[in-house]
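K.L.:
Just dropping this structure here.
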Amino acid sequence: MLSARLIVISVLGSCAGIELSIAAESAAGGETAVSLDQGGVISEIVVTARKRSQTAQSVPATIQALDGERLAMSGIIDTRDLPKATPSLSVAPAFRETFVALRGITNNVRSLGADPSVAVNFNGIYLPRTTMLLTELYDVERIEVLKGPQGDLYGRNATGGAINVLSREPEPGFSAEAFAGVGSYDLRRTQGAVNLGNDVVALRVSGAIAEDDGYTKNAFNGSRLDHLDFESFRVALGWKPTSDIDVTAFWHQANDESSIGYLISADPAFGLDPSQFGYVGLAGPENLRLSPRRVRSNQPLELGRKGEIAGLTASLDLGAVTLKSITGYTRFESEDRYDTDGTSAPIEYTDAGQRYRSFSQEVQLLSAAGQLIDWVVGGYFYRDRGTDRYSNPFNDNIGTDNPPSYSSHPNHARLKGKSVAAYGQGTIHLSPSLDLIVGGRYTRDEKTGFSTIDTEVNVDETVRFEKFTPSAQLVWTPHADLMLYGGVSTGFKSGGLNFLDTSGFPSFEPENITAYEVGLKSRPFDASIVNVSAFYYDYRDIQLRTSFFFDPNDPKVAITNASSAEVWGVELQAQSRLIGPLELDANVAYLSTSVSGYVSPTNGAVLNGRELPMSPQWSGNVGLLIELPIADLGDLRLRAEYAFRSEILFPYTYDAEADTINDGYSGVVNATARFTFRGERVYLELIGRNLNDGLYRTFHANFPPFVRFDGFGPPRTVEGRIGIKF
């Protein structure tokens with residue numbers, strides 16, 4: 001053990017300059033989601049990132065696993081807060097879309113016929129629309145963030161990685177827990193769960209309700225914007241008639257009428273010259289925002305998002321192998337009406353709606369552990385169907401004394417898609433300390449789409465794609481406290497259809513990625529973990545959405561595969577029990593992205609060397625935890641975190657005319673304090689978010705010559721809770 005730890009210290013010592021300069025990140029537990037037991041030794045969470053149960057520290061990949069306890073300690077209640085706890089992850093809610101990026105790999109294409117670059121799964125069920133990720137978190141067992149392409153086990157649309165959200169499963173016995181909270185801007189939040197059952201049948205029911213008045217004031221009519229209005233319900237049933245059979249079914253429903261991500265305000269710095277056709281100039285200074293927290297908007301927000309996820313997972317232990325089936329169904333609906341121009345002048349608004357359904361069936365066959373080769377093979381079938389309507393009514397009488405008269409060019413689209421895949425992965429134990437892991441997946445996709453703009457047919461096409469995505473990796477474990485790994489993996493994101501295209505090229509091709517990664521996972525001491533990874537991506541045929549306006553009356557939205565990029569970076573995570581009750585965790589990510597071969601359709605400029613959207617060069621977080629017994633009354637847990645992110649290029653459009661680079665956040669301070677009374681049944685908790693009241697953008701878009709507008713993150717907020725457990 002001592003020699004292995006000396007090896008770790010020696011390797012880390014060679015990187016000491018880097019480690020000392022970037023010791024920050026992952027307040028939410030880092031890639032190993034570790035915790036300390038009462039003996040002061042770090043214990044690990046078991047994850048299923050590679051389709052079988054393993055400790056996160058034993059998986060040769062960069063995985064960030066956040067369990068429910070760590071989420072609570074960090075005050076994370078919403079998926080929008082995950083980037084502050086996860087290096088290289090960015091989440092940007094914008095209108096009726098949510099952009100998600102991992103290590104710079106993202107999707108800025110807003111189309112029913114396009115797919116995400118980061119696969120999001122809920123209890124093993126793939127979520128086809130990233131907006132379904134935008135949700136409050138409750139009764140969560142853990143969240144697993146897998147970084148890098150997952151082409152073999154997760155398949156298409158996982159070029160950047162995968163995010164797995166797993167809720168708590170029903171278990172034998174009775175338990176119940178709930179909390180009620182109040183806070184800033186008249187926040188009211190309640191969550192609860194009840195579990196009952198025996199060794200054969202168990203039932204778990206949980207739910208969440210959250211609402212507040214909003215943290216942005218509308219100076220036009222005195223209303224509040226950026227408000228929270230969310231409710232959700234979940235039921236899960238477990239059945240285990242024998243030790244060899246395990247069946248779990250669940251149904252999850254959510255109704256979200258929040259306006260977070262929909263509020264935009266036009267930037268007055270754009271200029272006030274009406275001759276430039278800018279909305280700012282058309283509106284005049286009396287209709288513009290006074291500050292990021294005091295805006296002017298004349299269009300009442302009418303919003304609604306509803307989603308359902310249902311799943312049935314069954315496994316049968318046959319001794320040498322285990323047969324597993326995962327059946328999934330999702331439904332998503334939205335109805336939105338919101339201000340488009342970002343001013344209180346009656347210029348333009350958006351009226352949109354979407355319906356989406358999907359069904360999936362996956363079958364896996366897993367070998368028993370401890371064989372010469374540990375393997376998993378599987379088959380996957382997926383189909384979906386959706387409709388989308390979208391229009392931007394424009395006031396033709398703007399700038400006159402006449403009453404508003406709106407005209408629009410509505411877009412209506414329909415999509416049907418299906419995908420089939422076969423995959424496998426095997427771990428060959430070459431020696432007690434050396435493993436070779438190989439895998440691959442064959443995928444075939446088909447999409448059929450139809451759309452009209454006004455009454456003219458814009459898209460009527462069927463596209464088909466197929467791809468084989470292999471992977472290979474060597475893993476050396478000279479000691480239980482040290483693992484070194486290196487390998488190559490591939491991934492692809494399916495091509496699709498651009499229903500907003502008016503340029504005559506409605507379809508676009510798949511994008512492909514080849515990734516090389518090396519890493520080290522170690523336990524230099526019992527109460528510490530230090531992990532390092534470095535990666536390089538060859539990213540090709542990138543799907544990029546660009547708006548260009550040769551004629552203001554006929555704007556075009558194009559999606560091209562013209563560009564490629566080089567991506568490389570380094571991530572470091574460390575966690576240690578310092579002395580007594582003190583624990584420090586720190587992570588950092590450095591990311592470099594460079595695009596080549598992209599030509600702007602607006603002015604012909606070549607965009608070589610520009611960074612990818614949502615790719616902060618530096619991102620990090622550092623956290624300090626203190627746990628103290630208070631006489632015979634109970635236990636006090638204090639945690640403080642500091643998160644930072646350098647500037648990013650926001651993803652709405654990608655063009656030399658729309659230079660949307662903006663500052664990140666130089667520092668956001670969060671803290672929690674929980675006192676648990678003796679007996680561990682009742683607790684009081686105080687949560688502070690953005691305690692330094694930092695102002696930072698969550699979204700920015702530039703549409704010359706129309707408008708440049710922004711969305712901003714929440715200000716300082718405080719929440720108090722009282723909770724109970726049985």
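K.L.:
Among Ser576, Thr48, Pro404, pick out the residue whose Cα is farthest towards the positive end of the charge dipole of the chain, where Lys and Arg carry +1 and Asp and Glu carry -1 on C-beta, about the Cα centre.
P.N.:
Checking the options against the dipole of the chain, the answer is Thr48.
K.L.:
Now for a separate question. Please state the charge dipole magnitude for the chain, taken about the Cα centre, from unit charges on C-beta atoms (+1 on K and R, -1 on D and E), reported in debye and rounded to the nearest 20. All intermediate terms of the calculation are to be shown ahead of the outcome.
P.N.:
On the way: 64 positive and 87 negative charges, 206 e Å.
Its charge dipole is roughly 980 debye.
K.L.:
As an exercise, identify the chymotrypsin sites (Phe, Trp or Tyr not before Pro) in segment 159-199 lying in DSSP coil whose Cβ has no more than 13 other Cβ atoms within 10 Å.
P.N.:
Filter output for segment 159-199: Phe174.
K.L.:
So, one more: Among (i) 25.4, 84; (ii) 30.8, 102; (iii) 30.7, 111, which is the computed Rg and Dmax of the Cα atoms in Å?
P.N.:
(i)
K.L.:
What are the equivalent ellipsoid semi-axes of segment 202-295, built from the alpha-carbon gyration tensor (square roots of five times its eigenvalues), in whole angstrom, biggest first?
P.N.:
50, 15, 8
K.L.:
What is the chain's relative contact order, in percent, from Cα pairs under 8 angstrom and six or more apart in sequence?
P.N.:
13
K.L.:
Using 5 Å bins from zero, what percent of all Cα-Cα pairs in segment 168-212 falls into each bin?
P.N.:
So the P(r) values, bin by bin, are 6, 22, 23, 13, 13, 10, 8, 4, 2, 0.
K.L.:
For segment 672-726, restrict the atom set to alpha-carbon positions and state the Rg and Dmax in Å.
P.N.:
In Å, with Rg to one decimal and Dmax whole: 19.3, 64.
K.L.:
Two decimals is fine: what's Rg over Rh for segment 78-210, C-alpha atoms, Kirkwood radius as Rh?
P.N.:
1.03
K.L.:
Over segment 81-154, what percent of the accessible surface lies on carbon and sulfur atoms, probe 1.4 Å?
P.N.:
In segment 81-154, the share of accessible area belonging to carbon and sulfur is 39 percent.
K.L.:
Report relative contact order for segment 320-419 in percent, whole number only (criteria: Cα-Cα under 8 Å, sequence separation at least 6).
P.N.:
Computed over segment 320-419, the figure is 26 percent.
K.L.:
Moving to a separate point now. Compute the distance in nm between two label points, each set 7 Å from the Cα along the Cα-to-Cβ direction, one at Glu680 and one at Ala472.
P.N.:
It is 4.9 nm.
K.L.:
Taking all protein chains together and a probe of 1.4 Å, list Arg296, Arg441 from the most accessible to the least accessible.
P.N.:
Arg296, Arg441
K.L.:
If the chain between Tyr536 and Ile245 were fully stretched, how many nm would it gain, using 0.36 nm times the residue separation less the Cα-Cα distance?
P.N.:
Length gained between Tyr536 and Ile245: 100.5 nm.
K.L.:
What percentage of the solvent-accessible surface of segment 199-273, computed with a 1.4 Å probe over protein heavy atoms, is contributed by carbon and sulfur atoms?
P.N.:
The value for segment 199-273 is 56 percent carbon and sulfur by accessible area.
K.L.:
Report, in deg cm²/dmol and to the nearest 500, the calculated mean residue ellipticity at 222 nm for the chain, where each DSSP H run with n ≥ 4 adds -39500 (n - 2.57) and the sum is divided by the residue count.
P.N.:
Taking each H run of at least 4 residues, the total per residue is -1000 deg cm²/dmol.
K.L.:
Next question. Subtract the Cα-Cα distance of Tyr516 and Thr455 from 0.36 nm times their separation in residues, and report this length gain in nm to one decimal.
P.N.:
So the chain would gain 17.1 nm between Tyr516 and Thr455.
K.L.:
Which whole-number percent gives the relative contact order of segment 66-165, counting Cα pairs below 8 Å spaced six or more residues apart?
P.N.:
After rounding, I find 29 percent.
K.L.:
D for segment 333-472, whole µm²/s, Stokes-Einstein with Kirkwood Rh over alpha-carbon pairs at 37 °C and 0.692 mPa s: what number?
P.N.:
167
K.L.:
Taking only protein heavy atoms into account and a 1.4 Å probe, give the accessible area per residue of segment 177-314 in Å².
P.N.:
Accessible area per residue, segment 177-314: 44 Å².
K.L.:
Taking Cα atoms, how many degrees apart are the long axis of helix 2-13 and the longest axis of the chain, rounded to 10 and kept between 0 and 90?
P.N.:
Result, in degrees: 20.
K.L.:
Any lysines with Cα under 30 Å of the Lys147 Cα? List them, leaving off those in the same chain fewer than 8 positions away.
P.N.:
Answer for Lys147, where 30 Å is the Cα cut-off: Lys51, Lys84, Lys306, Lys324, Lys416, Lys418, Lys447, Lys467, Lys493, Lys521, listed by chain and number.
K.L.:
Put a dot 7 Å past each Cα toward the Cβ at Gln371 and Tyr329; how far apart are the dots in nm?
P.N.:
3.4
The values are calculated or read from the model by the stated rules, or taken from the named source; none is laboratory data. Remember, it's a predicted structure, so these values are computed and weren't measured experimentally. Cβ coordinates were reconstructed from backbone atoms using ideal geometry, including for glycine residues, and neighbour counts include every protein chain displayed. For the accessible areas, the whole protein counts, side chains as well, though only heavy atoms, and no ligand, DNA or RNA atoms are used. Shrake-Rupley method; radii C 1.70, N 1.55, O 1.52, S 1.80 Å.
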